[in-house]
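Participant: Next up is a structure, given as structure tokens.
The values are calculated or read from the model by the stated rules, or taken from the named source; none is laboratory data. A quick note: this is a predicted structure, and the numbers were derived from the prediction, not measured. Methodologically, a virtual Cβ is constructed for each residue, glycine included, from the backbone with ideal geometry; neighbour enumeration extends over all protein chains shown. Surface areas here come from the heavy atoms of the whole protein model, side chains and all, with no ligands, DNA or RNA. Shrake-Rupley method; radii C 1.70, N 1.55, O 1.52, S 1.80 Å.
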Amino acid sequence: MTKTMAPPGVPTRGEPLPLVPLPPRPRRRWGLFAAAVLVTCLGVLGSVWLHRATTTAVPVVAAARTIERGTVIERADLVVVRIEKDVALRTIPASKLDSLVGQRALLDVGAGSLLTPAGVGKHSVPRAGHLLVSVPVDSTMVPTGLVAGDRVQFVSSGNRQAEPRDPVPAVVVSVRSASTGSPKVIVEVTVAQRSAATLAEVAGSGDVMVFLESRDR
């Protein structure tokens, strides 16, 4: 009987199988992994800190939708936005949002516009004993940056009157251009009813000037 020979490298029956070495297991470098996570976290925190340290944006109250003058303000009318801090802007901080609910809009506020302290109150414009008056004034006779809530005085230069009138105090409601290409602006103000006639005479003189009172109160 012929004995069958096994191919080279193949063990015959009864011979032990050769030991095959296992591939080396990769070593987990937990230290490097932890260091990478730490560096990433520090980078994120550093970016957040740098952004907060370099930005001057502050949260203020704006109109979520158009608020018509005289209407009672509801919570849905208001939204919080962030703007760059500017001392020239008279805004309402977001922390006072809830206190505005239930008050009345003293001015028309368009959707997305910022609310101002002068534009919100517990009475309508004009309040009792006052009149709402629009006065056309030459733009060169109006202080730059006049805003709602400013206290002003209307004065006639006297060039077209026999005698100058006393200054007429008023509170600014809005300032807008009279028309395209016109050198005049319309200054809308509230004025005491007893002074309305005097203001009409001053405005009618054609030489009316607007003086801005101090904003310090």
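Participant: Among residues belonging to the stretch 60-77 that are more than 22 Å from ASP150 (Cα to Cα) and among the aliphatic types (A, V, I, L, M), point out the one that is surrounded by the fewest Cβ atoms within 10 Å (Cβ to Cβ).
Facilitator: The selected residue is ALA76.
Participant: Which residues, taken from the stretch 197-217, are under 11 Å from ASP138 (Cβ atoms) and either in a loop (DSSP other than H, G, I, E, B) or at pLDDT below 85 (or both)?
Facilitator: Within the stretch 197-217, the subset under 11 Å from ASP138 (Cβ atoms) is 206-210.
Listed by number, the residues that qualify are GLY206, ASP207.
Participant: State all residues of the stretch 90-132 that are closer than 20 Å to THR66 by Cβ, open to solvent by 70 Å² or more (accessible area, probe 1.4 Å) and assigned to a loop (DSSP other than H, G, I, E, B); if no residue qualifies, say none.
Facilitator: ASP108
Participant: Considering the stretch 184-196 alone, what residues qualify as being assigned to a helix (DSSP H, G or I) and surrounded by 11 or more Cβ atoms within 10 Å (Cβ to Cβ)? Before you say what the answer is, go through the steps one by one.
Facilitator: Residues of the stretch 184-196 assigned to a helix (DSSP H, G or I): 193-196.
Selection gives GLN193, SER195, ALA196.
Participant: Continuing with this model, one more query. Mind counting the residues in the stretch 144-159 that are part of a loop (DSSP other than H, G, I, E, B) and open to solvent by less than 40 Å² (accessible area, probe 1.4 Å)? Outline the logic, then answer.
Facilitator: The initial filter retains those residues of the stretch 144-159 that are part of a loop (DSSP other than H, G, I, E, B), namely 144-150, 157-159.
Restricting the remaining residues to those that are open to solvent by less than 40 Å² (accessible area, probe 1.4 Å) gives 146, 148-150, 158.
Residues that pass the stated criteria total 5.
Participant: Before we move on, is THR91 under 10 Å from the mean Cα position of the chain (by Cα) and on the phi < 0 side of the Ramachandran plot? Explain how you work it out, then say what you get.
Facilitator: Values: under 10 Å from the mean Cα position of the chain (by Cα): yes; on the phi < 0 side of the Ramachandran plot: yes.
Yes, satisfied.
Participant: Report, by residue number, each residue of the stretch 62-117 that is farther than 25 Å from VAL175 by Cβ and among the polar types (S, T, N, Q).
Facilitator: Correct list: SER95, SER99.
Participant: Has the stretch 78-100 got any residue that is closer than 17 Å to GLU188 by Cβ and of a type in the set (Asp, Glu)?
Facilitator: no
Participant: Which condition from (1) surrounded by 13 or more Cβ atoms within 10 Å (Cβ to Cβ); (2) free of Cβ contacts under 8 Å to residues at least 60 places away in the same chain; (3) assigned to a loop (DSSP other than H, G, I, E, B) is the one that VAL80 breaks?
Facilitator: (3)
Participant: Please verify whether the stretch 168-183 includes one or more residues that are at pLDDT 90 or above, open to solvent by 40 Å² or more (accessible area, probe 1.4 Å), closer than 21 Å to THR71 by Cα and of a type in the set (A, V, I, L, M, F, W, C).
Facilitator: The first filter runs over the stretch 168-183 and keeps only residues at pLDDT 90 or above, leaving 168-171.
Still in the running and open to solvent by 40 Å² or more (accessible area, probe 1.4 Å): 169, 171.
Okay, now just the ones that are also closer than 21 Å to THR71 by Cα, so 171.
Still in the list and also of a type in the set (A, V, I, L, M, F, W, C): 171.
Yes, there is a match, as at least one residue in the stretch 168-183 is at pLDDT 90 or above, open to solvent by 40 Å² or more (accessible area, probe 1.4 Å), closer than 21 Å to THR71 by Cα and of a type in the set (A, V, I, L, M, F, W, C).
Participant: Being among the hydrophobic types (A, V, I, L, M, F, W, C) and not in a strand (DSSP E or B) is the filter; apply it to the stretch 59-77 and report the residue that is nearest to VAL133 (Cα to Cα).
Facilitator: Here is the first cut: in the stretch 59-77, the residues among the hydrophobic types (A, V, I, L, M, F, W, C) are 60-64, 67, 72-73, 76.
Keeping just the survivors that are not in a strand (DSSP E or B) gives 64, 73, 76.
Details: ALA64: 28, ILE73: 24, ALA76: 31 Å.
Filtering the stretch 59-77 for residues that are among the hydrophobic types (A, V, I, L, M, F, W, C) and not in a strand (DSSP E or B), the one nearest to VAL133 (Cα to Cα) comes out as ILE73.
Participant: On the basis of being hydrophobic (A, V, I, L, M, F, W, C), surrounded by fewer than 16 Cβ atoms within 10 Å (Cβ to Cβ), at pLDDT below 95 and more than 20 Å from ALA148 (Cβ to Cβ), does ALA57 make the cut?
Facilitator: Numbers: hydrophobic (A, V, I, L, M, F, W, C): yes; surrounded by fewer than 16 Cβ atoms within 10 Å (Cβ to Cβ): yes; at pLDDT below 95: yes; more than 20 Å from ALA148 (Cβ to Cβ): yes.
The answer is yes for ALA57.
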